[in-house]
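The values are calculated or read from the model by the stated rules, or taken from the named source; none is laboratory data. Quantities reported herein were computed from a predicted structural model and do not represent experimental measurements. FYI the Cβ positions are ideal-geometry reconstructions off the backbone, even for glycines, and counts take in every protein chain you see.
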Amino acid sequence: MNCFDWTCEIGVGHPEIDRQHKRLFLLGEAVVESLTKSDERKVTVAQLQGFNVFALEHFKYEEGLMRSTSYPKAEQHARDHALLLTELIVECENVHWGRNINPEGLTSFLWNWLILHIDIADRELVAWLKSHENDVTDALLCLHLPSEQSQRQGYLSD
């Protein structure tokens, strides 16, 4: 059984955000697999870096969406993103240097990181977007989806 199984209940009801979240789940699963199936820290570090790269792209997408639609909680949401990325970088450095490598702890960190952020901040964002749907339609047309750079770099695709 996968640790990062996507279910419909996890979805927030925004097709692009949900697609990106599913991708983060796939990348999270790749990290867990590297922790359990590889003796090489380099593999886990590479998977964590791939997760980090796509998380950054995903956050840029969400933050662009929030700015373009004048989401009132955009600053706090962006601060949450920055904190989560900082924590992820610390975890990646710990694995790289062989400090405190705890597969269960890292798996729990990634799972909680995703689920709590999706269930609280992202769900609230999407509810706001839906309640202001007429106001944000034009703004959405100006947004660009995250690049597929991470796919070209060899990270998992959906």
Quiz item: Out of curiosity, is residue 34 surrounded by fewer than 17 Cβ atoms within 10 Å (Cβ to Cβ) and either closer than 17 Å to residue 130 by Cα or over 15 Å from the mean Cα position of the chain (by Cα) (or both)?
Solution: no
Practice problem: Among the residues of region 43-68, count how many are of a type in the set (S, T, N, Q) and surrounded by fewer than 21 Cβ atoms within 10 Å (Cβ to Cβ). | Solution: 3
Exercise. Just one of (1) surrounded by 12 or more Cβ atoms within 10 Å (Cβ to Cβ); (2) over 30 Å from residue 44 (Cβ atoms); (3) at pLDDT 95 or above; (4) not polar (S, T, N, Q) trips up residue 72, so point out which.
Key: (1)
